[in-house]
Structures are given as C-alpha cells and as structure tokens.
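Presented below is the structure to which this report refers.
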Amino acid sequence: MNLAELDSDRLLAAFRGLLIGKGVLNEEELSRSGAAMDAASPARGGQVVARAWVDAAYRARLLDNATSAIEELGIYLTGSPPLGVLENTEAVHNIIVCTLCSCYPRMLLGYPPLWYKSAGYRSRAVRDPRGLVREEWGTVIPPEKKVRVLDSTADYRWMVLPQRPRGTEGWSEERLAGLVRETDLIGVTVLPEVL
Amino acid sequence: MPPDTALPENALPENARGRSHHDMGGVTQFLCAPIDKEAHELTPFDRQVDALRQVLALHGLFSTDEMRRGIESLAPDVYDASSYYQRWLYSMVKVMLEKGVVTEAELAQALAA
Amino acid sequence: MSGFAPGTRVRVRDAWPELEGPAHVRTPHYVRGRTGTVLRRLGAFRNPEDLAFARPAATIPLYHVAFEQAEIWPENAPGDEFLIEIYEHWLEAA
C-alpha cells in the first residue's frame, strides 16, 4: 500500500477509526492528550524566564536541571524528554535548531511553529546562522559575540534563556514574563531594550 | 587514519554519499527555501495526528525513534511534498502495519468503507 | 569505551550506516569525521539506532560536543560554534 498516494484525510479517518474500533485506544485518551498539549505555550516559557531573571538561585537551578526547576513552578513535564536550558550572555548567543527532524521543547512551549519545521530554517540555521536571523527576523548579533548553534539531535529538548532587556529594572515578574516571545526562546530574536 | 568515505578536499558535507534526505543541515538546495513566519493554527487533521501519536506512544506502541525512522524512510519527493503531520501519519501507519497493530487488509477495508 | 571528560578532544566516526541498509542515525552528516571538544556528559540513554527498529537497545552515554562552525563551512564566522548531542559509540579520542 503506497500511503502517500492516498488522500491523507481519508487515511487518517480510516486509521483512527480502526485503532478505536479494535480497542487499541479510545476517544477519551485522544482528547486528554490534546488538552495536555494545549496547556503548553510560549507564555509558560516566559514565566520560567522571568523567574530566572529575578531570582539568581532559581536561574542556577534552571541551568543545572531545567526539568526539576520548571516543575518547581507547578509546570509538570512528566513523561517528556529531559529539558535543557542554555543561557544567552554578553559573550554568547544561542540558537536552537533540529536539522534532522524538528525536536522542540513542546512540553513547555507547545506545538512548534511552522518556521521551525521548515527545510529553509533547518538547513540555513547551521550554515550562515547570523545571516538567517538578520534577514528573516532583523536580529543582528554583534560580531564580537559568539553564536552557538545547538543542533537538537538526541534525547534532550532545548530552550534559550534570553538576556533580560535593559530598561526593565524593578519590573514585576509577571510584567517581565509578558515581554518574552516564542522566537526569543529559540534564539532567533533578542528582546529589545525597553525605552 | 584516512576517513572511511573520503570526500574530495573542499567538497561540501552534503555531498557525502551516505547522507539521507532528512539530514538537511547546511544543504544548499534548501538554503533559500522560503520560511513562513506567520502564526498558524493547527488544523483538525494536525491535532488528530498529534494526539494519535501521543497516545500510541503512551501505550508503548510507538517510540520517538520509531516515528523518526518511519519519517526518514519516506522517499525524498514524498518527504518534500508532505506536510509535517502528513509525514507523522505515514510513519505511524507504516510502523503500526509492521507491528501488526493493524493489518493491511483491515486498513484496506476501512478505506473502502 | 571509558567515557570522555569535559575538555577532551574527540573525533566523530566517519561512518555511514545508511549505506548498509535501513538505518536510523542521530549524528548529523556534517560532523562525521570532524573533531570537536566534549563540553559535558548529558547522562545515558538507550541507543536510538536500535529503538527505532524496536530492537533491544543498550544504554549509552550521551555528550554535548562543541565544533568550530568555520571548520565545517568556511563561510560561517570564525569563533562561532555548534553544540551537538552525540552518543559515545560515535566518538573516539582525537
């Protein structure tokens, strides 16, 4: 059977119906897993980042063992691959890609965006990463700063801890969290200075 | 020690004879492929495929590596022409057929219904 | 295999199991045969090359290995690096 020649909506309906009909799985399990994914979002990533910005001890725990540090905030990642966090600094800027497929910290950030899964991103992020983020997102990484591209190939999933933007001194954690975008957490953008 | 599969000096890594299509880091052909940065809601198709994959994994029937392997086995033209979740679906069906979780006869019958 | 300490220079095997039949490999083509530096050990995980075919899979140490970008593609900026998860059976002391 050549699956790709079939109408994929029909293939899905037939396959799904068959699995349910045979008792391999049921509708309730399917909707529960959908709901669990809907709870994950870039906003949760922002919450984690904001805590790390205001609490140095938390930041250290996050960089050491992100999964347990995130669970401290009541965000449970049970059953997900271990999560690692890489910190952007004055010296290093991190960019995450998965050249082999599209590994993404979905248990925290939700479904990966379309651009992250594209062939253009997957190929160019390792060859000309500076040009990629400049041309696609207007992100200019100063030449004196090292660009570290993390190719997410194996059992971990990775997220960037962005630098806290200047001009946010004294801000509440909640307000800080609201600044953080999906693209900052993958490293294709940096948070702009707040004027 | 000389490399097992030597490439000529200055050859691009992508020219290695053993490189698979999905292994696309740095591959020239895709460097200028457009990148759609708009936010897209998942379609009902995407959500159903995503949920099926998660539940099959929970039941120990479909590991991440089995899914990746199934996707990697797609012919390059099918890989390129398929959406992300179509690839997932093809992989999932292929591996479930291999394991006998569903049979080809059952699937053919369900498709005909 | 005895483990690699952070800072060890390692070479990625220039192996291509893809040429020998159905294979599932998590070492990207562009670092095979290349030399990098172990940054840290990330734990140990079951070998995906076997898990992908539902075969019994040994537990293998996984490392974060850093590579100079410009050594792989000369147009990349000197000093920029790649950081890649690589299983121990793909590495040898350089």
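The values are calculated or read from the model by the stated rules, or taken from the named source; none is laboratory data. All values derive from a computational prediction rather than experimental measurement. Here the Cβ positions follow ideal geometry from the backbone for every residue, glycine too, while neighbour counts run over all protein chains shown. Only protein heavy atoms, including side chains, enter the accessible area calculation; ligands, DNA and RNA are left aside. Shrake-Rupley method; radii C 1.70, N 1.55, O 1.52, S 1.80 Å.
When you scan segment A:97-125, how many residues do you find that are within 23 Å of residue B:63 (Cβ to Cβ), part of a helix (DSSP H, G or I) and over 10 Å from the mean Cα position of the chain (by Cα)? I'd like the intermediate steps shown before the answer.
First, the residues of segment A:97-125 that are within 23 Å of residue B:63 (Cβ to Cβ): A:97-112, A:116-117, A:122.
With the extra rule that they be part of a helix (DSSP H, G or I), the set shrinks to A:106-109, A:116-117, A:122.
Okay, now just the ones that are also over 10 Å from the mean Cα position of the chain (by Cα), so A:117, A:122.
Adding up the residues that qualify gives 2.
From C:34, C:13, grab the single residue that is in contact (Cβ under 8 Å) with a residue 40 or more places away in the chain, farther than 23 Å from residue A:65 by Cα and of a type in the set (Lys, Arg).
When all the criteria are applied, what remains is C:13.
Taking segment C:51-78 as the search range and keeping residues that are small (Gly, Ala, Ser) and farther than 21 Å from residue C:8 by Cβ, which one is least open to solvent (accessible area, probe 1.4 Å)?
Residue satisfying both the conditions and the ranking: C:52.
Give the residue, chosen from C:54, C:58, that is on the phi > 0 side of the Ramachandran plot and of a type in the set (A, V, I, L, M).
C:54
Is at least one residue of segment A:128-143 within 25 Å of residue A:38 (Cα to Cα) and open to solvent by 20 Å² or more (accessible area, probe 1.4 Å)?
No, every residue in segment A:128-143 fails to be within 25 Å of residue A:38 (Cα to Cα) and open to solvent by 20 Å² or more (accessible area, probe 1.4 Å).
Just name the residue that is nearest to residue A:99 (Cα to Cα) out of those in segment A:149-174 that are open to solvent by 50 Å² or more (accessible area, probe 1.4 Å) and touching a residue at least 12 places away in the same chain (Cβ under 8 Å).
A:163
Return the residues of segment B:15-42 that are more than 30 Å from residue A:41 (Cβ to Cβ) and either more than 19 Å from the chain's Cα centre (by Cα) or of a type in the set (Val, Ile, Thr) (or both); say none if nothing qualifies. Please lay out each step first, then the result.
Within segment B:15-42, the first condition is being more than 30 Å from residue A:41 (Cβ to Cβ), and the residues that meet it are B:15-21, B:23, B:26-29, B:31-32.
Matches in segment B:15-42: B:15, B:16, B:17, B:27, B:28, B:31, B:32.
Across segment A:139-183, what is the number of residues that are assigned to a helix (DSSP H, G or I), of a type in the set (D, E, K, R) and more than 14 Å from every other protein chain (Cβ to nearest Cβ)?
Adding up the residues that qualify gives 3.
Which condition does residue C:41 not pass, out of (1) more than 10 Å from every other protein chain (Cβ to nearest Cβ); (2) in contact with a strand residue (DSSP E or B) (Cβ under 6 Å, 6 or more places away or on another chain); (3) within 30 Å of residue B:92 (Cα to Cα), if it passes all the others?
Unmet for residue C:41, out of (1) more than 10 Å from every other protein chain (Cβ to nearest Cβ); (2) in contact with a strand residue (DSSP E or B) (Cβ under 6 Å, 6 or more places away or on another chain); (3) within 30 Å of residue B:92 (Cα to Cα): (3).
Let me confirm something: among B:78, B:101, which residue is more than 15 Å from the chain's Cα centre (by Cα), more than 10 Å from chain C (Cβ to nearest Cβ) and of a type outside the set (D, E, K, R)?
Testing whether each residue is more than 15 Å from the chain's Cα centre (by Cα), more than 10 Å from chain C (Cβ to nearest Cβ) and of a type outside the set (D, E, K, R) leaves just B:101.
Show the residue pairs that are 6+ apart or on different chains and have beta-carbon atoms under 7 Å apart, the first residue being within segment A:1-18 and at the interface with chain B (Cβ under 7 Å from one of its Cβ atoms), the second being hydroxyl-bearing (Ser, Thr, Tyr) and part of a helix (DSSP H, G or I).
A:3/B:90; A:4/B:90
Specify the residue that is farthest from the other protein chains (Cβ to nearest Cβ); the eligible residues are those in segment A:85-96 that are surrounded by fewer than 22 Cβ atoms within 10 Å (Cβ to Cβ) and assigned to a strand (DSSP E or B).
In this case the residue turns out to be A:87.
I'm told residue C:86 meets every condition in (1) more than 13 Å from chain B (Cβ to nearest Cβ); (2) open to solvent by 10 Å² or more (accessible area, probe 1.4 Å); (3) touching a residue at least 40 places away in the same chain (Cβ under 8 Å); (4) hydrophobic (A, V, I, L, M, F, W, C) except one. Can you identify the failing condition by its number?
(2)
Name the single residue, out of those in segment A:97-127 being touching a Phe, Trp or Tyr at 6+ places or on another chain (Cβ under 7 Å) and more than 10 Å from every other protein chain (Cβ to nearest Cβ), that is surrounded by the fewest Cβ atoms within 10 Å (Cβ to Cβ).
The selected residue is A:104.
Scan segment A:4-12 and tell me whether some residue there is open to solvent by less than 70 Å² (accessible area, probe 1.4 Å), in a helix (DSSP H, G or I) and within 30 Å of residue A:180 (Cα to Cα).
No: zero hits.
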